[in-house]
Amino acid sequence: MRLDSLVSVEVALVIALLLLAIVIAVLLLNLKRRSESRRELQTRLAELQALSNAVSAIASAKLDEEALCHLVYDQAARLVDVSNFQLGLFEDNQYLIKLRYGHGVQQPTAQFDLSGTGGIVGWVRDTRQPLIVHDFQTEVDRLPARPRYVSNNPPRSAVFVPMTTSEAVIGAIAIQSERVSAYTDTHLRILSIIANQAAAAIQNARALQRERTRATQMELVSEVSRSTASLFDLSTLLPKLIQAIQSTFDYYFVGIFLVDEIAQIECVAASAEGLVGKRRQMGVGLVGTAIAEGRQITVGDTRVDTRFLFEPTMPDTLSEAALPLKIGDRVIGALDLQSNRERAFSDDEARYLEVLAQQVAIAVEDARLYQASLERNQLEQELTFAREIQTSFLPKETPAVEGWSIAGGWQAARQVGGDFYDFIQIEPDDWGIVIADVADKGVPAALFMVMSRTLMRAVAISGRAPAKALMRVNHLIQSDSASDLFVTMLYARWEARTGRVTYSNAGHNPPLLCTNDEVLVCRSRGMALGIVDQVVVDSHEIMLQAGDVLLLYTDGFTDALNSAYEEFGMARLQQALKEASHLDAPGIVAALQKAVCDFAGSEPTFDDQTLVVIKRNPQ
């Protein structure tokens, strides 16, 4: 074999070996890369599985806000280094750190004001963007906001992510390290996913808490309603309402204020001692303003509201809600709620508080109406009893004298009144006849009537002439009575045998005499009894002939009104007497009462109506 041929073979062999080596190297390299990719993929899958488990655990948790914060920390610890961890929630311009760890040790919670320069956390809230910092020292001039450290040993790197819902950024999560470039985009991505899921879970927890609170609130309203169904004594009802409201919501102070009859505001029930019975003016303070304006007033910070009235017994009040108690358009008082926290009364509670105030108002009004009903019933019973007593003072029988017809009628405008009449037998054929009208109505008039009747009967039985009898009664009234009441009275002496009637009139309505188909007004002069110490009355005399009718009456007849506000008057009374004069005395009484009743129609009687009829029978 030629030499050059051998060389060619060797070269070809070397090349082949080199190619084989290259192929083997490539194969080995690919195998290595595949192994590394597999390990990386397995790591990635494990990471994703852990992240999925964390997200599922947070999403499925049905915990309160506090417990959720701890769950978020526990799940984040499975994926990233949480030795230095912080989870905070935003409330207005406040950043409330709910959970914080430093070097693996849990730290106390804290609160920061984000007004003005809010630092990086404030920037995250405002922009809804996450932030990764590789080195605070070298990147300080390039950061979107100046860090606000709360440590003497500040971190070198950190990740900040917002906790975002569809409506707002509710908080932020941060992890920090003392090493430079301790975090990558992977950490940022993982923490962002956890933060978003945590935000949704916290929002759900808050919504659940709101529903629970609302259910508790409505249960309280139901409790107030149940209280009104069984308690009608305000002294028992109001303290129970105060206790129910305060125990359910732990308000710092609960008070119920009512408007009294002189338009002053009185504290009638309160959770603090020393306030019940205190009064305040309309329009003064938050309670006075809420009542005067008839609207709910809520103050988030009482330190900056000049309407707030400081009470030494409640020095820690920071917010207050005053709600008017309304029955229709009428404001009867206010429900006052105070808290030792700022902005304790949110807009969400406004509707509930309004319903609560309405229920309290109904409870108070129902109790008042029930108490008034009891008092009315008691008064009705007392008045009925008084009427029975007063009626017992009226004559049981009229004089039964041959040749004469006598009758009387009495109708009080109220259950009791001040009118009365009386028949007093002095001699077998000699009678005293009294008709009187006390210048008042109701119970005071009835009491004065009883006294006047008793005095008149005692004086008349002695046989005094009418004028002297009336003057004596006036003297006794002035001596014994301390009231400012007075009584008009007509006293007549009727001699049945002769038909002579001698009468004197102390300010009373003049008698009417129907004779020969004519009705005459019997004028007389005298002052009512009980006004001055000395009175002078005239004495008059008439003779009743066969068929004559003498009518004594009170002004309840002549002053009666119809729906057109017309008085029955003297002329109608004279005409009615003339038309009925052919009847006997009871018939005349009934006819006159009917005439007035028909004239007045449905108009209520506002004055007592009393009359006495004396008729001498025709021959």
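The values are calculated or read from the model by the stated rules, or taken from the named source; none is laboratory data. Just so we're clear, the structure is a prediction, and the values are computed from it rather than from any experiment. Using ideal geometry, Cβ is built from the backbone for each residue, glycine included, and neighbour counts are taken over all protein chains shown. The accessibility values were calculated without ligands, DNA or RNA, using every heavy atom of the protein model including side chains. Shrake-Rupley method; radii C 1.70, N 1.55, O 1.52, S 1.80 Å.
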Legend entry - Single residue of 445, 492, 413, 458 found to be buried (at least 19 other Cβ atoms within 10 Å of the Cβ) and not in a strand (DSSP E or B): 445
Inset, instruction - Could you identify the single residue in 361, 367, 372, 357 that is without any contact (Cβ under 8 Å) to a residue 12 or more places away in the chain and open to solvent by less than 40 Å² (accessible area, probe 1.4 Å)? - result: 372
Legend entry - Given (1) surrounded by fewer than 14 Cβ atoms within 10 Å (Cβ to Cβ); (2) at pLDDT 90 or above; (3) closer than 22 Å to residue 118 by Cβ, index of the condition residue 175 fails: (1)
Inset, instruction - Out of 520, 611, 544, report the one residue that is among the hydrophobic types (A, V, I, L, M, F, W, C), without any contact (Cβ under 8 Å) to a residue 12 or more places away in the chain and within 22 Å of residue 493 (Cβ to Cβ). - result: 520
Inset, instruction - List the strands (runs of 3 or more DSSP E) that sit entirely inside the range 254-364 and contain at least 3 residues that are under 18 Å from the mean Cα position of the chain (by Cα) and not small (Gly, Ala, Ser). - result: 265-270, 319-327, 330-339
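Results for (1) without any contact (Cβ under 8 Å) to a residue 60 or more places away in the chain; (2) in contact with a Gly (Cβ under 7 Å, 6 or more places away or on another chain); (3) open to solvent by 30 Å² or more (accessible area, probe 1.4 Å), shown as yes or no for each residue.
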{"site": "275", "(1), (2), (3)": "yes, yes, no"}
{"site": "283", "(1), (2), (3)": "yes, no, yes"}
{"site": "296", "(1), (2), (3)": "no, no, yes"}
{"site": "301", "(1), (2), (3)": "yes, no, yes"}
{"site": "310", "(1), (2), (3)": "yes, no, yes"}
{"site": "314", "(1), (2), (3)": "no, no, no"}
{"site": "321", "(1), (2), (3)": "yes, no, no"}
Inset, instruction - List the number of the failed condition for residue 476; all other conditions in (1) open to solvent by less than 40 Å² (accessible area, probe 1.4 Å); (2) in a strand (DSSP E or B) hold. - result: (2)
Inset, instruction - Restrict the check to the range 502-509 and report whether at least one residue is under 21 Å from residue 430 (Cα atoms), assigned to a loop (DSSP other than H, G, I, E, B) and among the hydroxyl-bearing types (Ser, Thr, Tyr). - result: no
Legend entry - Hits in the range 139-172 (condition: more than 53 Å from the chain's Cα centre (by Cα) and without any contact (Cβ under 8 Å) to a residue 12 or more places away in the chain): 139, 140, 141, 142, 152
Legend entry - Selection within the range 187-218 - farther than 27 Å from residue 94 by Cα and free of Cβ contacts under 8 Å to residues at least 24 places away in the same chain: 215
Legend entry - Hey, residue 572 open to solvent by 40 Å² or more (accessible area, probe 1.4 Å), under 30 Å from residue 476 (Cα atoms) and either in contact with a helix residue (DSSP H, G or I) (Cβ under 8 Å, 6 or more places away or on another chain) or basic (Lys, Arg) (or both) or not: no
Inset, instruction - Inspect all residues belonging to the range 229-250 and state whether any of them is basic (Lys, Arg), in a helix (DSSP H, G or I), modelled with pLDDT of 75 or more and within 30 Å of residue 73 (Cα to Cα). - result: no
Legend entry - Residue within the range 573-596 that is under 20 Å from residue 491 (Cα atoms) and touching an Asp or Glu at 6+ places or on another chain (Cβ under 7 Å) present: no
Legend entry - Qualifying residue in the range 461-472 (condition: open to solvent by 50 Å² or more (accessible area, probe 1.4 Å) and among the polar types (S, T, N, Q)): yes
